[in-house]
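Okay, so here's the structure we're looking at.
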Amino acid sequence: GNADYRDSGLVFPDEFVFGSATASYQVEGAFDEDGRGPSIWDTFSKTPGNVWNGDTGDVAVDHYHRLDEDLDLMQRLGLQSYRFSIAWPRIQPPGSGPVNPKGVDFYSRLVDGLLERGIAPIATLYHWDLPQPLEDAGGWPARDTAYRFAEYARHAGEALGDRVHVWTTLNEPWCSAYLGYGSGAHAPGRIDGADSLRAVHHLNLGHGLAIQQLRDVVTKDDAQFSVTLNFHVLRGVDDTADEAKRRIDGLANRAFTWPMLRGEYPADLLQDTSSVTDWSFVQDGDLAAIHQPIDLLGVNYYSTATVRVWDGISPRQNNDGHKDMGGSAWPGADDIEFLAQPGPHTAMGWNIAPEGLEELLVSLSGQFPGLPLMVTENGAAFDDVVEDGAVHDADRTDYLRRHFTAARRALQRGVDLRGYQVWSLFDNYEWGYGYSKRFGIVRVDYDTLERLMKDSAHWYAELIKTRTIPDVPGLG
Ligand code: GBH
């Protein structure tokens, strides 16, 4: 029905691309093979106290060694696209200098295997695995990292630019900057508000410089260039709603969209963070370098957030469910409280709000007219149970059904939405939560590494085949 986003029979247009997504450190394993160097996630995950159960990505789901089997699985699902990320420390183990041919070879085989099966490759250059030597030299708060990233982008574009359909520079720079350098919940686990804003700027700069390099070397005529952002869809509760939403929107969303798509930082963001930094790290010419035309904006969406200006009396909520490492993901916004969201929730504790996705897509298409959008991640973790060789994950299937309905409604309202990549193809390494959270539509048994299509995967295969949103078995 209308309010619950469980419409049945909605049909997607022929051009709409159905796919699924993963990321290098979360699935590959083979952490020290074929010349791969350490990344900040190797270091962080091996430092006690950072990740649930001490889990690391050393093996992950062993995708590096199971490439052919996994490609066949994608084909059985009928995927039209596969969104993966390239591990920078496989391509340039020290983070600079010549390419490592064996690292390039893995992604070359992946791309060829996808193309042989009629699956469009969507390659992300950076899904959080910074080569450790670059962190040792200062990480994203250091300007040089942006130049190193552009150099890496050029190498990747030279190696794969004749075949990759969609290039994405960064995945969720919000996480890299604010969780990596502000709250400390993600690698490298540094805690400093000013550093997190320096990281924001140098990630933005890295994006713009990388787009320029890619345009220079990519030879596939119809290749598209993009970036993927995670958006905060905000709600307010009291008379502080407008202020709280404006400030968090500035830090979370406009800190990236404005420089990339309008060539400026929002004046209110600079003002709101003036007690943290004077932004003197923004140099002449940087905004022009960042403001590059792109062909597609990638949108990652999971849930909404409710904010208010804190009165100093009620207890503050931990804002994203991560373990409290002592830092804040919100520089200059220590007085803003994130309230618990009304349920239902996923196993991450994130509220389920498909209307937030529709609202976000409509809002972005209004803010940036003419820019095509793609949902590059959406999905959910639930506590799956294996019964007689099956996983009857009606909860995940229903989550996906409702969010596909939201996407279809956005299309109906005129949004230029090109496709949808379900997060994730496999259960995998969920960062600070290790292997404790399962997002896959394909289950992975972490003892045997066997893959098993969950009910949600069968449902998705049916959606792709019919281009019509199917009912959910047991739920109608
Ligand atoms: C994505 O991160 C990642 O790209 C992917 O690697 C990961 O596995 C997947 O999602 C699942 O986590 O508004 O303050 O409450 C998503 C990370 C999760 C960050 C929700 C913001 C809400 C913060 N986002 N979170 S808050």
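The values are calculated or read from the model by the stated rules, or taken from the named source; none is laboratory data. Values in this document were obtained by computation on a predicted structure and should not be read as measured data. Counting neighbours? That spans all protein chains shown, and the Cβs are built from the backbone with ideal geometry, glycine included.
I need a count of the residues in the stretch 74-113 that are within 13 Å of A159 (Cα to Cα) and of a type in the set (S, T, N, Q).
Residues flagged as within 13 Å of A159 (Cα to Cα) and of a type in the set (S, T, N, Q) within the stretch 74-113 amount to 3.
Within the stretch 194-217, take every residue that is crowded, with 21+ Cβ neighbours inside 10 Å and in contact with a Gly (Cβ under 6 Å, 6 or more places away or on another chain) and give me the one that is nearest to G139 (Cα to Cα).
S196
Could we say that D383 is away from the ligand (no atom under 14 Å from the Cβ), in contact (Cβ under 8 Å) with a residue 12 or more places away in the chain, surrounded by 18 or more Cβ atoms within 10 Å (Cβ to Cβ) and farther than 24 Å from T168 by Cα here?
The answer is no for D383.
Taking the stretch 340-357, which residues are β-branched (V, I, T) and either part of a strand (DSSP E or B) or in contact with a Pro (Cβ under 6 Å, 6 or more places away or on another chain) (or both)?
Within the stretch 340-357, I352 is the sole residue that qualifies.
Among W128, W174, W167, which is aromatic (F, W, Y) and in a loop (DSSP other than H, G, I, E, B)?
Of the residues listed, the single one that is aromatic (F, W, Y) and in a loop (DSSP other than H, G, I, E, B) is W128.
Table: residues versus (1) at pLDDT below 95; (2) closer than 30 Å to Q271 by Cα.
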site: N319; (1), (2): yes, yes
site: L360; (1), (2): no, yes
site: T397; (1), (2): no, no
site: L400; (1), (2): no, no
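Which one of D221, D216, D268, D242 is over 18 Å from the mean Cα position of the chain (by Cα), part of a loop (DSSP other than H, G, I, E, B) and not aliphatic (A, V, I, L, M)?
D221
What residue, among those in the stretch 226-240 that are hydroxyl-bearing (S, T, Y) and more than 9 Å from the ligand (Cβ to nearest atom), is farthest from E377 (Cα to Cα)?
By that ranking, first place goes to T240.
Which of the numbered conditions does G250 fail, given that it passes all the others? Conditions: (1) within 15 Å of the ligand (Cβ to nearest atom); (2) buried (at least 21 other Cβ atoms within 10 Å of the Cβ); (3) touching a residue at least 40 places away in the same chain (Cβ under 8 Å); (4) not aromatic (F, W, Y).
Evaluating G250 over (1) within 15 Å of the ligand (Cβ to nearest atom); (2) buried (at least 21 other Cβ atoms within 10 Å of the Cβ); (3) touching a residue at least 40 places away in the same chain (Cβ under 8 Å); (4) not aromatic (F, W, Y) leaves (3) as the failure.
Go through the stretch 321-339 and give me each residue that's near the ligand (Cβ under 10 Å from one of its atoms), part of a loop (DSSP other than H, G, I, E, B) and either within 17 Å of G236 (Cα to Cα) or at pLDDT 90 or above (or both).
Listed by number, the residues that qualify are A329, W330.
In the stretch 11-36, which residues are part of a loop (DSSP other than H, G, I, E, B) and surrounded by fewer than 17 Cβ atoms within 10 Å (Cβ to Cβ)?
Across the stretch 11-36, the qualifying residues are P13, D14, E15, D32, E33, D34, G35.
Would you call G349 within 10 Å of the ligand (Cβ to nearest atom), among the small types (G, A, S) and surrounded by fewer than 21 Cβ atoms within 10 Å (Cβ to Cβ)?
Here the answer is yes, as G349 does meet what is asked.
Can you find a residue that is within 16 Å of the ligand (Cβ to nearest atom) and either of a type outside the set (S, T, N, Q) or modelled with pLDDT of 90 or more (or both) anywhere in the stretch 284-294?
No, the conditions are met nowhere in the stretch 284-294.
Say whether the condition of being within 16 Å of the ligand (Cβ to nearest atom) and more than 30 Å from P470 (Cα to Cα) is met by at least one residue in the stretch 8-27.
Yes, the stretch 8-27 contains at least one residue that is within 16 Å of the ligand (Cβ to nearest atom) and more than 30 Å from P470 (Cα to Cα).
With the condition kept exactly as written, say whether any residue in the stretch 246-256 is more than 23 Å from F84 (Cα to Cα), assigned to a loop (DSSP other than H, G, I, E, B) and either of a type outside the set (G, A, S) or in contact with a Gly (Cβ under 8 Å, 6 or more places away or on another chain) (or both).
Looking through the stretch 246-256, none of the residues is more than 23 Å from F84 (Cα to Cα), assigned to a loop (DSSP other than H, G, I, E, B) and either of a type outside the set (G, A, S) or in contact with a Gly (Cβ under 8 Å, 6 or more places away or on another chain) (or both).
Restricting the stretch 419-476 to residues that are polar (S, T, N, Q) and within 16 Å of the ligand (Cβ to nearest atom), which is surrounded by the fewest Cβ atoms within 10 Å (Cβ to Cβ)?
Out of the qualifying residues, it is S436.
Can L361 be described as under 16 Å from Y302 (Cβ atoms), surrounded by 22 or more Cβ atoms within 10 Å (Cβ to Cβ) and of a type in the set (A, V, I, L, M)?
The answer is yes for L361.
Could you please give the count of residues in the stretch 253-281 that are among the aliphatic types (A, V, I, L, M) and either within 16 Å of the ligand (Cβ to nearest atom) or under 22 Å from M374 (Cα atoms) (or both)?
3
Select from the stretch 28-38 the residues that are small (G, A, S) and within 24 Å of L71 (Cβ to Cβ) and list them in ascending order.
G29, A30, G35
Picking from V307, V218, which residue would you name as being of a type in the set (V, I, T), touching a helix residue (DSSP H, G or I) at 6+ places or on another chain (Cβ under 9 Å) and within 16 Å of the ligand (Cβ to nearest atom)?
V307
Give the residues of the stretch 137-146 that are part of a helix (DSSP H, G or I) and more than 22 Å from the chain's Cα centre (by Cα), sorted by residue number. I'd like the intermediate steps shown before the answer.
Pass one, the stretch 137-146, residues part of a helix (DSSP H, G or I): 144-146.
Once the filter is applied, which keeps residues that are part of a helix (DSSP H, G or I) and more than 22 Å from the chain's Cα centre (by Cα), the stretch 137-146 yields only D144.
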